[in-house]
Structure formats: structure tokens, C-alpha cells
Amino acid sequence: MNKITLGISSCLLGNKVRYDGGHKLDPFLTETLGQHVEWIPVCPEAACGLGIPREIMALEGDPASPRIRTVWTGIDHTSRLQRWIKGELKVLADIDISGFVFKARSPSCGVRDAKVFDAKCRMKSIGSGLFAKAVMEAFPQLPVEDEGRMHDPVLRENFVERVFVYRRWQAYIKEDGSLGGLVAFHTDHKYLVMAHSRKHYSALGKMVADSKKMRKNELHANYIGLLMEGLQILATPKKNTNVLQHMAGYFKDKLSADEKTELLEVITNYHDGLVPLIVPITLLRHYVRKYKEDYLARQFYLNPHPLELLLRNHA
């Protein structure tokens with residue numbers, strides 16, 4: 001697979017595009033994740049011609065449809081920014097991005113924590129920045145996150161996992177798109193989805209089983225919508241343990257008594273928070289290779305993203 005293409009708020013790459021001429025360089029995004037993705041940097045406020053540095057801006061008015069104004073002079077830049085956003089969405093569609101990391105709390109890029117004020121500068125609510133909201137509406141299944149939440153190892157892994165699943169889906173749609181390909185895609189992601197939501201996995205399975213009753217475009221849209229919805233539900237030690245135990249069952253007639261005991265202990269230690277998830281995963285991958293368990297070898301649960309990201313190394 002070629003490098004995954006992700007959008008990103010430009011300041012997070014160290015580009016000096018913020019209102020004060022500064023940046024918000026994020027080392028994980030640039031030095032770690034950056035080795036596996038191609039970043040498409042975007043700064044809405046600079047790109048639409050507001051200059052660097054510039055007067056700080058804030059969202060104001062109706063929380064459902066706020067305006068963006070300069071804080072001290074009260075200049076309304078909403079129309080200017082919306083014109084630029086309309087063109088940028090077309091650019092992003094042509095690039096076929098697989099995810100987006102936004103700057104938190106920004107009136108243009110905040111995903112969920114941009115403050116909205118009233119005319120007297122009193123905070124009324126929090127919501128999405130104008131650009132982030134437009135991206136999420138235009139690409140509703142696209143994995144998005146803000147850099148603040150990426151500091152949480154669980155949320156970080158969830159986002160990266162969704163990105164890689166979405167990229168594989170894009171490849172399936174572009175290169176195959178057949179019903180047989182969908183069955184294979186669904187099969188290969190079985191335990192990955194189960195670690196997030198058994199309910200969603202069951203519903204996806206029923207959708208695949210009834211696939212001949214739907215038009216292809218409708219089937220694809222419904223499947224990826226439900227899949228990405230399910231993957232947003234966080235995997236937990238309890239759900240991961242259930243998946244690990246299911247996988248361990250494939251070796252019940254192959255492992256020696258000592259090997260069974262070791263595997264059970266490792267899974268239990270993970271469940272109890274004594275070791276990170278990578279420990280039982282590594283042991284299961286060893287048995288998959290040793291006993292040539294082809295079905296499990298296909299499971300992306302065992303290889304959801306590059307090991308170098310160390311996302312499963314947290315307890």
C-alpha cells in the first residue's frame with residue numbers, strides 16, 4: 001500500500017501560519033506517524049488571504065451557524081472563508097484523503113471544542129470550526145480527530161486504526177468493488193470490528209448476507225457508514241480479551257499444555273492491566289505462523305497498523 005494521504009492543520013507540522021506568526025508543531029504527527037503518511041497541510045485562515053500574522057478571530061452568533069469575526073475590530077470574514085472552503089473541498093475530494101487531523105479549539109479547525117460567543121463576548125456553547133464542520137459534512141465517513149485528543153494513547157490508536165481501515169476500504173472500492181471483494185473485506189476485519197462492537201459486526205454481517213437485495217452503490221454506502229460508526233466505539237480490555245480468547249480457541253488442539261497455560265496467562269495479564277495488548281498479540285502471531293493458521297493470518301486485528309507506531313504498547 002502506498003503512503004496514506006491525510007489532511008492536517010498546517011501549524012501542526014511546524015509551519016508558522018498561526019494568527020501570531022507561530023506554529024504548534026506536534027512531534028508524534030511529524031516524526032512518528034509522519035513516516036507512514038503523506039500530509040496535506042491546510043490553514044484556512046492564511047489560505048483565504050487573511051495574512052500572517054493577523055488579528056485573532058472567534059465564532060459568534062447562532063451556534064448552529066456561527067459567523068467568524070475578528071475579536072477587536074469586529075470584521076466579519078465568514079463569506080471570505082466560506083468561498084475558500086467551497087474550493088478546498090473540491091481539492092480534497094480529488095486528492096482522496098483518508099483522514100484529517102485538525103488543530104483543537106480553532107474557530108476554523110476545531111472539531112468539537114471551538115467556542116461560540118454572543119455579541120457581548122460571552123461564551124454560548126462549543127462546536128466545530130467552520131472548515132472542520134464543512135469537511136465532516138462533505139466526507140461523513142472520513143476519520144477526523146484533533147491534535148489535543150491525539151495525546152491520549154487510546155484515542156490516538158482508535159483514530160489511526162480507523163484511518164488504516166478507511167484506506168483499505170478506499171483501495172477495495174477503487175480496485176475491486178465486487179461482492180466477493182466485500183465478503184473478503186468483511187472477513188478480514190472480523191475480529192477488529194468485534195473488538196469495538198459485536199452489535200455492529202453482526203449488523204454488518206447481515207448486510208453482507210443480504211447484499212444481493214441492494215444496489216451496489218447503496219450497499220457500499222451503508223456498509224462503510226455502519227463500519228466507521230462501529231469503529232468509533234472504543235475497544236476496551238474486556239472486549240479485546242474476548243477477541244483474544246476467540247483467537248486462542250483456534251489452537252486448542254494444537255498447543256501443548258504448557259503453551260496453552262502460557263497463552264491463557266498472557267491474556268489474563270493483559271485483561272488485568274499488567275501487560276500491554278502487544279504482548280498477547282505477539283504471542284498469537286507467533287502461533288499463527290508456527291501452526292499456519294491461514295484464517296487468523298488474514299485478520300487485520302493482529303496487524304491493524306505499522307508496529308513502529310507503538311500504538312498497542314500502552315497498558
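The values are calculated or read from the model by the stated rules, or taken from the named source; none is laboratory data. Bear in mind that the values here come from a model prediction, so they are computed numbers and not experimental data. So basically every Cβ, Gly included, is an ideal-geometry build from the backbone, and we count neighbours across all protein chains shown. Ligands, DNA and RNA are stripped out before the accessible areas are found, and what is left, the full protein with its side chains, is counted by its heavy atoms. Shrake-Rupley method; radii C 1.70, N 1.55, O 1.52, S 1.80 Å.
Odds and ends about this structure:
- Those lysines that a straight Cα-Cα span of less than 18 Å connects to LYS290, excepting residues fewer than 8 apart in one chain: LYS252, LYS254, LYS260
- Cα gyration tensor shape for region 238-315, rounded if a/c is under 1.5, else prolate or oblate: oblate
- Dividing the summed helix terms, -39500 (n - 2.57) for each DSSP H run of n ≥ 4, by the number of residues in the chain produces a 222 nm estimate of -14000 deg cm²/dmol to the nearest 500.
- GNM result for the chain, Cα springs below 10 Å: residue of ARG167, ARG215, ARG67 fluctuating most strongly: ARG215
- Under 26 Å from the Cα of LYS199 - lysines, other chains or at least 8 residues apart: LYS190, LYS212, LYS213, LYS216, LYS238, LYS239
- Straight-line cross-link reach from LYS16 at under 27 Å between alpha-carbon atoms covers these lysines, not counting any fewer than eight positions away in the same chain: LYS3, LYS24, LYS86, LYS90, LYS103, LYS115, LYS133.
- The Cα atoms of region 61-178 give a gyration tensor whose axes a ≥ b ≥ c have a/c of 1.5 or more with a/b no greater than b/c, which makes the shape oblate.
- Shown for region 32-77: the carbon plus sulfur share of the solvent-accessible area, taken with all protein chains present and a 1.4 angstrom probe, equals 54%.
- Placing +1 on the Cβ of every Lys and Arg and -1 on the Cβ of every Asp and Glu, with no other charges, gives region 37-135 a dipole of roughly 380 debye about its Cα centre.
- Charge context of LYS3, other residues only, Cβ under 11 angstrom, K/R +1, D/E -1: 0
- Accessible surface, per residue, of region 186-227 when the full set of protein chains is kept, probe 1.4 Å, Å²: 51
- Springs join every pair of Cα atoms under 10 Å in this Gaussian network model of the chain, and among CYS109, CYS48, CYS121 the largest mean-square fluctuation is at CYS121.
- Contact order relative to length of the chain, as percent, for alpha carbon pairs under 8 angstrom and 6 or more apart: 13
- Carbon + sulfur, % of accessible area of region 188-266 - ligands and nucleic acids excluded, 1.4 Å: 52
- In the context of the full set of protein chains, residues of region 1-57 present 46 Å² of accessible surface per residue (probe radius 1.4 Å, heavy atoms only).
- Among LYS290, LYS24, LYS16, the largest mean-square fluctuation in a Gaussian network model of the chain (Cα springs under 10 Å) belongs to LYS290.
- Classification of region 46-88 by its C-alpha gyration tensor yields an oblate form. The axis ratio a/c (a ≥ b ≥ c) is 1.5 or more, and b/c is at least a/b.
- Solvent exposure, largest accessible area first (probe 1.4 Å, DNA, RNA and ligands not counted), of SER178, SER98: SER178, SER98
- Surrounding net charge for LEU179, when Lys and Arg each add one and Asp and Glu each subtract one, Cβ distance under 9 Å: +2
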